[in-house]
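In what follows, a single structure is set out as structure tokens and then discussed.
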Amino acid sequence: MTDTTAAPQATSRRRSLPLHVLGPVLALIALIVLGAMLNSNFLSYANVTNVLARSAFIGIIAVGMTFVITGGGIDLSVGSMAAFIAGVMIMAMNALIPTLGIGVPLVLAGMGVALLTGLAAGMLNGFLIAKVRIEAFIVTLGAMGVYRSLTTWLADGGTLSLDFDARTFYRPVYYDGILGIAWPIIVFALVAILGELAMRKTPFGRHCASLGANEQVAKYSAVKVDRVRMGTYVLLGVLVGVATIMYVPRLGSASGSTGVLWELEAIAAVIIGGTLLKGGFGRVWGTVIGVLILSLIDNILNLASIVSPYLNGTIQGVIVILAVVLQRQGKSAE
Amino acid sequence: MTDTTAAPQATSRRRSLPLHVLGPVLALIALIVLGAMLNSNFLSYANVTNVLARSAFIGIIAVGMTFVITGGGIDLSVGSMAAFIAGVMIMAMNALIPTLGIGVPLVLAGMGVALLTGLAAGMLNGFLIAKVRIEAFIVTLGAMGVYRSLTTWLADGGTLSLDFDARTFYRPVYYDGILGIAWPIIVFALVAILGELAMRKTPFGRHCASLGANEQVAKYSAVKVDRVRMGTYVLLGVLVGVATIMYVPRLGSASGSTGVLWELEAIAAVIIGGTLLKGGFGRVWGTVIGVLILSLIDNILNLASIVSPYLNGTIQGVIVILAVVLQRQGKSAE
Amino acid sequence: QEDTMTIGVAIPSATHGFMGGLNYHAQASIERLEETYPQLDFVLATAGDAGTMVNDIEDMVATRGIDALVVLPFESEPLTGPVQSVKEQGIWVTVVDRGLSVEGIEDLYVAGDNPGFGRVAGEYFAETLSEGDNIVVLRGIPTTLDNERVEAFQAAIEGSGINVLDMQHGNWNRDDAFNVMQDFLSKYEDIDAVWAADDDMAIGALEAISQAGRNEEMWVVGGAGMKQIIKRMMEGDPMLPVNVTYPPAQIATAIELTALGLVSPTPVSGRFIIGSQIITQENAEQFYFPDSPF
Amino acid sequence: MTAILEARGITRAFGPIRVLHGVDFSLIPGEVHALIGENGAGKSTTMKILGGYLAPTEGELLLDGRPVRFADQREAEDAGILMIHQEFNLALQLTVEENIFLGREKMRGPFLDKKAMREEARDLLARLDCHADPRTPIRDLSVPNRQMVEIARALGRNARVLIMDEPTAVLTARETDVLLEQIARLKAQGTAILYTSHKLDEIARIADRVTVLRDGAHITTRPAEGFSEHAMAETMVGRELSDLFPPKVPARDDVVLQVEGLTVPGRVRDASFTLRRGEVLGFAGLVGAGRTELMEGIVGLRPATGLVRVNGQTIKPNSVRAAREAGLVYLTEDRKEKGLLLTKSLTENLTLLALDRFGRIFIDKKAEDTALTNAISDFDIRVNDRDMLAGSLSGGNQQKLLLAKTMLAEPQIVIIDEPTRGIDIGTKQQIYEFIAALAAAGKSVIVVSSELTEVIGLADRVVVMGRGHIAGELSGDAITEDAILRRAMGVDELTGASA
Ligand SMILES: Nc1ncnc2c1ncn2[C@@H]1O[C@H](COP(=O)(O)OP(=O)(O)OP(=O)(O)O)[C@@H](O)[C@H]1O
Ligand SMILES: Nc1ncnc2c1ncn2[C@@H]1O[C@H](COP(=O)(O)OP(=O)(O)OP(=O)(O)O)[C@@H](O)[C@H]1O
Ligand SMILES: [Mg+2]
Ligand SMILES: [Mg+2]
């Protein structure tokens, strides 16, 4: 009896799962179709490359954010952390030019500084949240203010610019690539694939989800709760470092206004992608789709000039809500 | 048997409760002492009135936010909603001058418009969250973008200004008061007292907490879950309207940059005050303390010109985190 | 001791290049003046929105007992009332850059010329381009100020037959300008020039253009004379033919004049409008300040 | 007498799976009607349908002879039908009083009448001989006290029909007695009571009629008179049942676990005992004796001082990981809050504790799948669908999944807290055999249980706890219900006098 009844259920799950899973995918496809209809250059190699490459920063960060949110946390500091890391990286590189000269060692040193600063910032957030046990929202809200103001202070209110020659040398890291695929896109893809693997196939991913679903149960199941939680913030910090490594060669500068609102964009991408804000369930590929949806909205608004540009924000807001409605409808149908 | 074991527990609670409750109060007192030491005018009537009156906007909103958060929700749209309501109110008042002339009816009409707009905005958020069941974070993030951009659009990219004479007539609503207490302070105090009563002494407050603690349980206990949830957002919307009524006479104008970051400030105040971000427990008086702490930080930074103004954000961030650490230490001691 | 006097300075915070420069000049001139005049005290407050700026001014009056206020209003309308009440308390008021919406409140007015800023750029476009040429415009953060500049620009090119293909907000931000310019380049085959209205945005736009390999096709006019841009002009970058001044140092002028008014009997009230000038490769050197962060 | 509530041909399906097949059922005022069946037989589902929490897929409900359809639970409550759930239905952050009156607060004018509510809460709890403070948050109550709150809430609402789904699963004998007295009182007042429990002796004591469900189908309804416990068990399981407890195997000599002077601040003081290889050690005590806290202290789940040695090696204190690496594993009594991730799949729950055994870098999903297949057959977990969520399993089957999860970690020493809570009698037998087999295989087991028969039937040696410390130890033939209770109570009086 159990056998025969089990069969239809399994198929129905297989049938209905796509509906809910497809929510964000459908929204993305709808946007692509809309874009293609509005402008013939939309699907051109150049435009596609532009959109993907500039999605990379938020995208790389959002992958890390997926783990934090899946583990029941949140990080509001990533945008200003990115600005701070970029500032520190630029200052370090400028300071190292006399010693290292301009070349690969300098760039590697800069990258090292960025990754270490990210690591340290992530550890600090993680420490305050996991060990001192302060609300993640407050810790990272505070950190957001701190990094933002430290960056302005480092830049003396202005802009920190990478030395011109160093910049010229470093520039290809954003603009070039291999086989016609720009580096930021490659790095984003790699981060996304590794993230997806980590989320679905490794104990770390499982532990994040169990932590977000019910911390007590995780603790009673010998999951090192503090360490996993800390791990999510450290991972995010390092990924902010990676994003910064791709960001600095683009314009070669950082200021107090770098990365403003990236945190909200990253969180929105994560949620649009189907990860639960309250934790316990996350999917990295969904986040990637969420990031692309957000980038495409901007791109299409620029390409289309439909209405007053003042109303761009309205359209964005409505589309974001609609994308999530689509996803939820899929879910409730199931 | 259970009696005797329960007894030490009860006393230990009674003894340690103050510690945790006192957390924010201690932080507030520390700030007041610091301020008084830094500047002899700090405790002057004028300064105290200034600080309290300007806390009123965020304060009134934060009282509403306390209910939303206690009920397990969040609202990121309040800042831009305030800007939008202010814009609509100003336009309505300007449009009504030919009909109503300048006088009490005009001001009352403006107030009515503000309250109704707030009510409608709150209902829209509440509807999407409670009935359509979309994540509150996404709905209100979307709404934030929408209201911000609508305000810019209404103002045609600039500033919406109240007619100069109407403004002069309306101005006392911010600057005057009774018995030397400015109106915003009176209104804030009233809202806070009513809020505290509603939270602790009415079924609505209880139902909010039960909703935030465990929605399923609330539902099984015949709590009208959707209605309560909706109620929290509507209440918040109306209170944003009330805050706007106090705000417009102060500056007499609204633009796309009105109320920027108010949402984060209000949420921070709520959490500093001891309300749990994940819902289930809220205290309005704590929120009031949280608001005062945030206002005082700004005030003290202006009193002292200690360091580079670029570092104000750093100091603010650190103090906010410290205030919550203080509170958490109290709690863990319990 | 007794005649120590305090000057309050309220300016917007350094959220983009120009404001960064302004902050720099404000701090630099305060340091300089504090050394020169030991009897002067300064309070500097930076604000991220109009409400905070009003708070700052209230605090200065209530707790620091300022004798003079130098203010660059975050927005004109909301600051008018509060500044007026400062004035009514007998405090000297200097308004910088953005006028209040009621005339005659301030003792001293020092300002750049926003319509001039747009007009000078527009005139250059009208002179240099011919009928049927296409341009795109990157606008700042939606504000009255941005509206004034853009309106003056449009008025100046009116009748020249120049085609404005598109205007979008780059928010005085490099990254936003980069994104918008990338999309303009995808959208329009033929662009002859870009008015970026601010050097931060110009930097983003230049980068997007060179990425697309269309350096030869168009030039860019920014504004406010950021040092990197001026340097490139001095080196004769063909993509940067001219720039328009909008000196962040005007705040220094205002603070210095205010200080002078307090310490000496010389009357310094009045209006000082610092007109927007055109910078070309020839005179660029005069506008190059390598020490400024802007 | 006419039925107050009647079900006719009720079926219920979750998705395509039917879990109830045409159940007929009636409830008469003033009777206690017991519903019994194996885990997953559909008892809770039937009760939820009668209580208005679930709608039947087919069939109809009659209230006072008239067909009704409850749109939601509120309508059922308005009709005087109340239900105590198998899984707790309390908001942890709220206080006892807030929970008891949630949704029907007492008012004085526009405000809550807190004083009246507090007093009434105290009275209700006192009727149940429970002295929890109405102002305590539920979070700070022990599991049995939470159950009492749950019962008090139902008592306070003056129901015409009271549905109780395994109310005694988490209670000890003494509290069970109190509850049964209350049931008798309500019955005398004419309340109709629908009752379920896996403790068949209770059924025999209080039931007037008994309905047996098997695999979602109605098997029989009979007067309780003349329906022996043994007959009930066999009707439920559908086969002959042999002796409940397997023969005891003597323990080896070597000590595997040594606990010395373990103190859990505020809960347990200075507890010392040893455990030998192949031994089944029972822990008995009254509610609140601190057994759970002691065990949690041993495995590092609670801050504790004192020494814990496994095979002579002192293990790092306050580290669950260290305990687990030493082969020491604890199965919690609170399966909903601490045991299972109710919103996650069976597999994710099953392998969480032993995840390191399923691949270091990547999780071997095939191995996980095999593990699930094995767990389902070894522990007889009744699943409708391998992809279902743990929270959709019936209560007893959740307990089996929890057991399977713990055993997957291949512990040397396993501490099982209330192992058969909510488990049907047939499965109980399987679990007992399983415990005996573990011991025979050289593993050691600590069984913490409030069911004295279970401790007596399984353990070689029993440690009795009272009021936070070890009050005595019994072994061999000295283990009797009476001896255990005397020790537990005797200590009670002794410290009561000194306090
Ligand atoms: N929400 C649900 N989704 C899917 N299946 C469910 C759901 N709730 C219950 N079931 C299934 O219905 C069947 C009956 O469950 P029910 O809880 O009624 O059993 P029970 O007799 O109360 O068992 P126990 O003695 O273990 O409490 C089980 O097979 C269970 O898995
Ligand atoms: N989370 C908690 N917070 C505060 N007190 C608790 C908590 N859990 C249990 N207690 C208290 O600790 C004491 C012992 O708990 P508990 O009743 O679980 O002991 P036990 O001997 O394991 O009994 P049983 O397992 O039969 O429930 C009781 O007084 C109880 O009220
Ligand atoms: Mg059940
Ligand atoms: Mg226990």
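Take each peptide in D:387-398, C:217-228, count the other Cβ atoms within 10 Å of every residue, and average; sorted highest first, the result is C:217-228, D:387-398. Label-to-label distance for B:Ser44 and B:Arg133 is 5.9 nm, based on points extended 7 Å past Cα in the beta-carbon direction. Measuring nothing but protein heavy atoms, the accessible surface of region D:5-237 at 1.4 Å probe radius is 47 percent carbon and sulfur. With viscosity 1.567 mPa s and temperature 4 °C, the Kirkwood radius over alpha carbon pairs of chain B converts through Stokes-Einstein to a diffusion coefficient of 62 µm²/s.
Distances from A:Val132 to the same position in the other copies: list them in nm, one decimal, shortest first, using label points 7 Å from Cα along Cα→Cβ. Inter-copy label distances (nm, one decimal, shortest first): 4.0. Angle, helix C:50-64 long axis vs. longest principal axis of chain C, Cα atoms, 0 to 90°, nearest 10? So the helix axis and the longest Cα principal axis differ by about 20 degrees. Could you tell me which residue out of D:Ala436, D:Gly457, D:Ser345 lies farthest along the dipole of region D:255-488 toward its positive end? Charges go on the beta carbon: Lys and Arg +1, Asp and Glu -1, centred on the Cα centre. My answer, from the dipole projection, is D:Ser345.
Put simply, the amide H of C:Val70, placed in the peptide plane, has neighbours under 5 Å in C:Gly8, C:Val9, C:Ala10, C:Thr94, leaving out anything fewer than 5 places away on its chain.
Ignoring the sites themselves, what is the longest stretch of chain D with no GluC sites (Glu not before Pro) in a DSSP loop and at most 14 other beta-carbon atoms within 10 Å? Intermediate values should be presented prior to the final figure.
Working: sites that count: D:Glu225, D:Glu240.
So the longest stretch without any such site is D:241-499.
Each Lys and Arg Cβ is given +1 and each Asp and Glu Cβ -1; about its Cα centre, chain D then shows a dipole of about 1060 debye. Distance distribution P(r), region D:65-119, all Cα-Cα pairs, bin width 10 angstrom from 0: 19, 39, 32, 11, 0 percent. Only Cα pairs under 8 Å and 6+ residues apart enter the sum, and on that basis the relative contact order of chain A stands at 36 percent. By how many degrees, between 0 and 90 and to the nearest 10, does the Cα long axis of helix B:136-154 differ from the longest principal axis of chain B? Relative to chain B, helix B:136-154 is tipped by roughly 20 degrees.
Restricted to Cα atoms, region D:255-488 shows a radius of gyration and a Dmax of 17.4, 54 angstrom.
Let me spell out the model: positive unit charges on the Cβ of Lys and Arg, negative unit charges on the Cβ of Asp and Glu, origin at the Cα centre of the protein assembly as shown. What dipole size does that give, in debye rounded to 20? It would help to have the intermediate numbers written out before the result.
Values: 118 positive and 145 negative charges, 963 e Å.
Here the protein assembly as shown has a charge dipole of around 4620 debye.
Computed 3J(HN,Hα) for region D:62-70, one whole-Hz value per residue from the Karplus formula 6.51 cos²θ - 1.76 cosθ + 1.60 where θ = phi - 60°, is 10, 10, 6, x, 10, x, 9, 9, 7, glycine and proline marked x. In this simple spin-label model, placing a label point 7 Å from the Cα along the Cα-to-Cβ direction at both B:Thr99 and D:Arg69 gives a separation of 4.8 nm.
Can you give the average number of partner chain beta-carbon atoms within 10 Å of each beta-carbon in peptide D:380-389, as a whole number? Don't skip to the end; give the middle numbers.
Details: counts 0, 0, 1, 2, 4, 9, 3, 6, 3, 0.
Averaged over the peptide's residues, the number is 3.
Chain A's nearest residue to the axis relating it to B, judged by Cβ and reported with the distance in whole Å, is A:Lys278, 4.
Nothing charged except the Cβ atoms of Lys and Arg (+1) and of Asp and Glu (-1): what's the magnitude of the dipole of region B:188-334 about its Cα centre? Round to the nearest 20 debye.
Details: 12 positive and 7 negative charges, 110 e Å.
Using only the charged Cβ atoms, the result is roughly 520 debye.
For region A:26-133, the share of alpha carbon pairs falling in successive 10 Å distance bins from zero is 12, 29, 26, 22, 10, 1 percent. 3J(HN,Hα) couplings calculated from phi for region C:10-15 with the Karplus curve 6.51 cos²θ - 1.76 cosθ + 1.60 (θ = phi - 60°) are, in sequence order, 10, 9, x, 6, 7, 8 Hz; Gly and Pro show x.
Tell me the mean residue ellipticity at 222 nm calculated for the protein assembly as shown from its helices only (DSSP H runs of n ≥ 4, each -39500 (n - 2.57), averaged over every residue, nearest 500).
Details: 53 runs with 805 residues, N = 1461.
One gets -18000 deg cm²/dmol as the mean residue ellipticity at 222 nm.
Interface size, chains C and A: roughly 2500 Å² of accessible area buried, both sides included, 1.4 Å probe, rounded to the nearest 100.
Relative to the compact-globule scaling 2.2 N^0.38 Å, provide the ratio for the alpha-carbon radius of gyration of the protein assembly as shown. Mind dumping the intermediate values first?
Numbers: Rg = 35.8 Å, N = 1461, 2.2 N^0.38 = 35.1 Å.
Scaled against compact globular proteins, the figure is 1.02.
The tail of the calculated P(r) for region C:157-261 beyond 20 Å holds 44 percent of all Cα-Cα pairs. Close amide-amide hydrogen proximity is noted between A:Phe281 and A:Leu276, each under 5 Å apart and 5 or more residues distant or on a separate chain (H modeled in the peptide plane; Pro and chain starts excluded).
What average count of beta carbons from other chains do you get within 10 Å of the Cβ of residues in B:319-326?
5
Annotation for region A:196-301: chymotrypsin sites (Phe, Trp or Tyr not before Pro) lying in DSSP loop with at most 13 further Cβ atoms inside 10 Å of their Cβ do not exist.
Tell me the Kirkwood radius of region A:72-209: reciprocal of the mean inverse pair distance over distinct alpha-carbon atoms, in Å. Hydrodynamic radius (Kirkwood, Cα only) of region A:72-209 equals 17.1 Å.
Using equal-weight Cα scatterers in the Debye expression, the normalised intensity of region D:85-154 in log10 at q = 0.12, 0.15, 0.22, 0.23 Å⁻¹ is -0.27, -0.42, -0.88, -0.96.
Over the Cα atoms of region A:276-328, the radius of gyration divided by the Kirkwood radius equals 1.06; this is the Rg/Rh ratio.
List the relative contact order of region A:34-176 as a percent without decimals, with contacts defined as Cα pairs under 8 Å and 6+ residues apart. Write down the numbers at each step before the final one.
Values: 98 pairs, mean separation 44.1, N = 143.
Across region A:34-176, relative contact order equals 31 percent.
Taking the Cα atoms only, what angle lies between the long axis of helix C:17-36 and the longest principal axis of chain C, rounded to 10 degrees? The angle comes out near 30 degrees. Note on exposure: B:Lys131, C:Lys87 ranked by accessible area (1.4 Å probe, complete protein assembly) read B:Lys131, C:Lys87, with the most exposed listed first. Looking at region D:295-396, the trypsin sites (Lys or Arg not before Pro) that sit in a DSSP loop and have at most 12 other Cβ atoms within 10 Å of their own Cβ are D:Arg360.
In the assembly of identical copies, B:Ile178 has its label point, taken 7 Å from Cα in the direction of the beta carbon, separated from the corresponding points by 7.8 nm (ascending, one decimal). Projecting the Cα atoms of B:Ser210, B:Val107, B:Ile272 onto the dipole axis of chain B, where Lys and Arg carry +1 and Asp and Glu carry -1 at the beta carbon, places B:Ser210 farthest toward the positive end. Inter-copy label distances at A:Ala189, shortest first and taken from points set 7 Å along Cα to Cβ: 6.6 nm. Rounded to the nearest whole Hz, the Karplus-based 3J(HN,Hα) values (6.51 cos²θ - 1.76 cosθ + 1.60, θ = phi - 60°) of region C:115-132 follow the sequence x, x, 4, x, 5, 4, 4, x, 4, 4, 4, 5, 5, 7, 8, 10, 4, x, with x at glycine and proline.
What do you reckon, how do C:Arg271, D:Arg461, A:Arg133 stack up by accessible area (1.4 Å probe), largest on top?
Details: C:Arg271 160, D:Arg461 25, A:Arg133 115 Å².
Putting C:Arg271, D:Arg461, A:Arg133 in descending order of accessible area: C:Arg271, A:Arg133, D:Arg461.
Region B:55-102 gives an Rg/Rh value of 1.19, both radii derived from C-alpha positions and Rh following Kirkwood.
Global size of chain D: 23.1, 71 Å for Rg and Dmax (C-alpha atoms, Rg to one decimal, Dmax whole).
With both labels modelled 7 Å from their Cα along Cα-to-Cβ, the D:Glu234 to B:Ala36 distance reads 8.5 nm.
With the radius of gyration and the Kirkwood radius both derived from the Cα set of region D:5-237, what is their ratio Rg to Rh? Write down the numbers at each step before the final one.
Details: Rg = 17.7 Å, Rh = 18.2 Å.
When Rh is taken as the Kirkwood radius, the ratio is 0.97.
Close amide H contacts of D:Val68 (hydrogens built in the peptide plane, cut-off under 5 Å, sequence separation of 5 or more or a different chain): D:Leu61, D:Leu62, D:Leu63.
Across peptide B:295-302, the average count of Cβ atoms from other chains found within 10 Å of a residue's Cβ is 4. Tell me, what is the percent relative contact order of region D:255-488, built from C-alpha pairs under 8 Å that lie six or more residues apart? Averaging sequence separation for qualifying contacts and normalising by length gives 29 percent for region D:255-488.
Counting only protein heavy atoms and rolling a 1.4 Å probe, how much accessible area do A and D lose on contact, total for both sides, in Å² to 100? Could you put the intermediate results ahead of the total?
Values: alone 15990 and 21600 Å², together 34820 Å².
Its buried surface, counting both partners, is about 2800 Å².
Projecting the Cα atoms of D:Gly59, D:His33, D:His21 onto the charge dipole of region D:5-237 (Cβ charges, centred on the Cα centre) puts D:Gly59 farthest toward the positive pole.
The values are calculated or read from the model by the stated rules, or taken from the named source; none is laboratory data. Computed from a prediction, not measured in an experiment: that's the story for all the values here. Note: ideal-geometry Cβ built from the backbone for every residue, glycine included; neighbour counts use all protein chains shown. Each accessible area value is taken on the protein alone, full model and side chains, heavy atoms only, with ligands, DNA and RNA left out. Shrake-Rupley method; radii C 1.70, N 1.55, O 1.52, S 1.80 Å.
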